[in-house]
1. Where in the range B:185-295 are the helices (runs of 4 or more DSSP H), entirely inside, with at least 1 residues that are under 27 Å from A:F376 (Cβ atoms), more than 10 Å from every other protein chain (Cβ to nearest Cβ) and among the acidic types (D, E)?
2. With respect to A:N90, determine if the residue is away from every other protein chain (no Cβ under 11 Å) and either surrounded by 15 or more Cβ atoms within 10 Å (Cβ to Cβ) or more than 16 Å from the chain's Cα centre (by Cα) (or both).
3. Pick out the one residue from A:I365, A:I380, A:I334 that is under 28 Å from B:S267 (Cα atoms), in the same structural domain as A:T136 (by TED's automatic domain parsing) and modelled with pLDDT of 85 or more.
4. Is there a residue being in contact (Cβ under 8 Å) with a residue 24 or more places away in the chain, under 22 Å from the mean Cα position of the chain (by Cα) and within 29 Å of B:Q252 (Cα to Cα) anywhere in the range A:363-382?
5. Would you be able to say whether some residue in the range B:159-166 is surrounded by fewer than 19 Cβ atoms within 10 Å (Cβ to Cβ) and more than 21 Å from B:Q224 (Cα to Cα)?
6. If you check B:T237 against the conditions, is it touching a residue at least 12 places away in the same chain (Cβ under 8 Å), of a type in the set (S, T, Y), over 22 Å from B:W119 (Cα atoms) and touching a Leu at 6+ places or on another chain (Cβ under 8 Å)?
7. Look through the range B:103-128, keep the residues that are within 19 Å of B:F166 (Cα to Cα) and among the small types (G, A, S), and return whichever of them is farthest from the other protein chains (Cβ to nearest Cβ).
8. Could you list, in sequence order, the residues of the range A:33-87 that are of a type in the set (V, I, T), within 30 Å of B:P173 (Cβ to Cβ) and part of a helix (DSSP H, G or I)?
Amino acid sequence: MTAGGITAEPPVAAAPPPAAGPGRLGKYGTGAIFLGPALFLLGVWMVYPAVYTIVRSFFGEHGFIGTWVGIDNYKTLFTTSTLLTAIKNNAIWVAVVPALVTAIGLIFAVLTERVRWAVAFKTVVFLPMAISAFATGVTWRIMYQQDPGLGAVNALGKTISGVFSPAGVLSQASPSTPGLQTTSSGALVLKTATHPGGIVLLGLTGIAPDQVPKSAVQAVTPPPKPGDVVGTVWRDFKPGGGKVGVVEKQELGLPGVTVELRDAAGKTVQSTTSKPDGSFDFSKVSQGTYHAAIGAQTFAKPFGGYAWLGPNLIVPSLLIAYIWIWAGFAMVVIGAGLAAMPRDVLEAARTDGATEWQTFRRVTIPLLMPVLSVVFVTMIINVLKVFDIVYALAPQSEYAKANVIALAMYFTAFQGGGNFGVGSAIAVFLFILVVPVLALNIRRFRRDM
Amino acid sequence: MAAAAPAVEIPDPQDRVAAKVLRFAARAPIHLMLIVLGGLWLVPTIGLFLTSILPASNLASKGWWQIFTKPSVATWSNYDALFHNHGLITALKTTAYIAVGNTLLVVIVGAMAGYAFAWLDFPGRDWVFIGVIGLLVVPLQMALIPMFRLYDTFGLFDTWYGIALFHAAFGLPFAIFLLRNFFVGLPKDILESARIDGAGEIKIFVRLILPLGLPAIASLAIFQFLWTWNDLLVALTFGQNTTPITVWIAGQLREFGTSIDIIAPASFISLVIPLCVFFAFQRYFVQGLLAGSVK
């Protein structure tokens with residue numbers, strides 16, 4: 001990593017030996033004073049526990065000596081369904097997150113490279129890095145609430161779906177006029193046939209007062225017209241009840257309702273929407289037998305929101321929130337790589353007639369490869385150890401579905417789990433997963449040193 | 001961001017206003033895209049803040065964006081109530097003790113060890129150093145169970161210093177690695193002339209190494225501070241009543257819907273300090289990040 005500015009020069013082969021004059025500590029003495037505290041902390045908090053955990057993973061749930069179980073804890077790890085879910089989910093995390101974070105970071109870094117206000121953008125995208133993954137979990141829990149009135153993500157979904165499939169004017173209503181029947185498509189069809197010059201009355205009930213469209217006025221039965229089919233769709237209910245199937249005073253018309261005229265074969269020949277007084281008019285209807293119907297779209301339910309925190313979507317929801325955190329990291333590291341890129345190479349490529357895309361694809365990306373791989377590998381390690389955000393963002397009822405290895409380890413060993421044997425086995429498993437990846441990273445570091 | 005140098009722009013002598021306008025128009029989609037993306041990235045945090053200044057009763061039926069149509073509903077009463085909440089104040093203090101305490105420890109112990117590995121000569125030095133680097137791979141899950149038992153025995157369980165010591169130990173391999181590499185790059189002559197002048201190793205360390213190593217030490221300190229301020233897992237394992245703010249909020253999560261007037265402002269408080277640290281020391285933070293992609 002040469003971009004940071006704090007990477008060091010190659011190590012000096014041998015530091016000058018301290019003169020072991022009188023009054024000075026010997027070689028070992030000075031070293032011991034300076035290294036002692038560090039070695040004590042590392043020994044007690046890292047080396048001893050690591051050895052203990054490895055040994056402990058071959059022993060039973062409680063106690064220690066005398067509860068030898070061999071590799072049973074590891075068998076449990078690969079046969080218990082919640083633990084398998086954790087491994088499977090972690091595999092999804094590894095497959096999705098590092099690639100996406102690296103790609104998004106690269107796109108952001110390239111986009112901001114020649115924009116003057118890039119610092120503002122970079123700061124905004126980088127901000128989540130300073131926030132705890134825990135607070136991020138809380139933040140996204142607010143975003144993901146299912147009710148589109150409460151959760152911003154679903155509110156956006158509602159706005160978008162409102163454009164493509166708007167909610168009906170009446171999400172709740174039931175037929176009142178006798179003969180008005182619900183069909184499988186959700187439309188209401190009047191069984192009583194009508195002819196040109198006829199009047200159809202489509203009475204509906206079961207509409208809450210606040211669900212009646214605002215523009216509704218007193219319902220009116222239009223006079224019959226020769227050659228036309230006219231009628232009214234109205235709320236067949238007034239304070240006190242009223243007579244079923246008859247338009248009365250104080251009963252309101254239902255505006256905006258889609259009314260269809262269907263021929264004997266059931267095919268819609270005309271379609272119209274009702275006026276504020278509920279009346280409608282199909283003009284110039286040719287001779288024949290027809291049925292009036294209220295279209296299904298009238299009763300279309302409004303968008304209810306996706307259950308982002310429910311069992312089916314919880315993993316993708318977690319991934320999105322996690323990518324939101326780490327995109328800034330990738331952007332900054334890759335941005336530093338871009339800034340350190342030798343300009344003359346890029347210029348040479350352009351001079352030779354390469355297009356912007358060719359330069360990017362054939363020169364920039366290969367030159368950036370070391371940086372991209374740093375980001376990618378770092379993200380694999382982060383993702384393998386992911387814990388906080390799952391703990392904070394997933395509701396407890398969905399922990400089984402959202403499970404990851406670190407979460408499984410915690411709940412197996414602590415919080416009422418109390419199984420130190422399997423808990424140790426999970427920790428060792430995580431250790432084994434991390435070692436090769438991190439070893440790769442360290443080897444690269446050694447090379448850079 | 002400090003790390004990204006501005007792109008080199010080669011001025012074109014024949015640049016006219018029209019050309020400028022044309023170029024701006026051609027680049028407008030990029031600006032637009034960045035504005036939209038930046039907005040997307042900002043919305044969750046803004047949403048958290050706006051949620052935190054709304055009364056719980058208003059949040060039962062409408063989302064935080066109601067504030068845009070009716071700004072008068074905003075109130076500081078949630079924060080007011082929180083600052084009279086004994087639990088939260090204690091949790092904040094505990095967080096500060098843990099974060100500051102372990103950062104100091106890591107910086108001091110790490111710098112001493114870094115100096116030893118960089119400038120002291122003793123047999124087996126490089127092997128010990130490689131061993132320390134090897135510890136970078138140990139995930140902290142490996143230590144939870146044994147240290148849980150050990151803490152219980154030695155009375156470190158449920159204390160802020162128990163949690164701080166754990167963080168310090170797991171921060172050390174990276175700290176030593178970072179500082180050793182920085183110290184190795186310091187000018188050799190200064191150190192040698194100090195030794196010739198008869199300065200002891202401790203004096204050299206305090207008077208020379210620490211001041212000269214300040215940039216790396218600052219990066220490390222900020223990194224470690226943020227890392228531990230934001231920790232959840234370690235405190236969740238080793239704390240019970242003495243817990244930092246993350247664990248305190250986690251205790252309220254079960255009642256997410258009804259306690260939102262506590263959860264949202266408390267979460268926002270928990271991220272104010274890291275944000276301040278981040279903005280104040282952005283340069284060091286990014287440098288630490290670039291050097292520390294290994295963690």
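The values are calculated or read from the model by the stated rules, or taken from the named source; none is laboratory data. These figures come from a predicted structure and were not determined experimentally. Cβ coordinates were reconstructed from backbone atoms using ideal geometry, including for glycine residues, and neighbour counts include every protein chain displayed.
1. Details: elements: B:188-196, B:201-204, B:214-229, B:233-238, B:245-250, B:260-280, B:282-291.
Those helices (runs of 4 or more DSSP H) do not exist here; none qualify.
2. Details: away from every other protein chain (no Cβ under 11 Å): yes; either surrounded by 15 or more Cβ atoms within 10 Å (Cβ to Cβ) or more than 16 Å from the chain's Cα centre (by Cα) (or both): yes.
When the stated conditions are applied, A:N90 passes them.
3. Matching residue, one of A:I365, A:I380, A:I334: A:I380.
4. Among the residues of the range A:363-382, at least one is in contact (Cβ under 8 Å) with a residue 24 or more places away in the chain, under 22 Å from the mean Cα position of the chain (by Cα) and within 29 Å of B:Q252 (Cα to Cα), which makes the answer yes.
5. Within the range B:159-166, none of the residues are surrounded by fewer than 19 Cβ atoms within 10 Å (Cβ to Cβ) and more than 21 Å from B:Q224 (Cα to Cα).
6. yes
7. My answer is B:A111.
8. A:I33, A:V44, A:V47, A:V51, A:T53, A:I54, A:V55, A:I87
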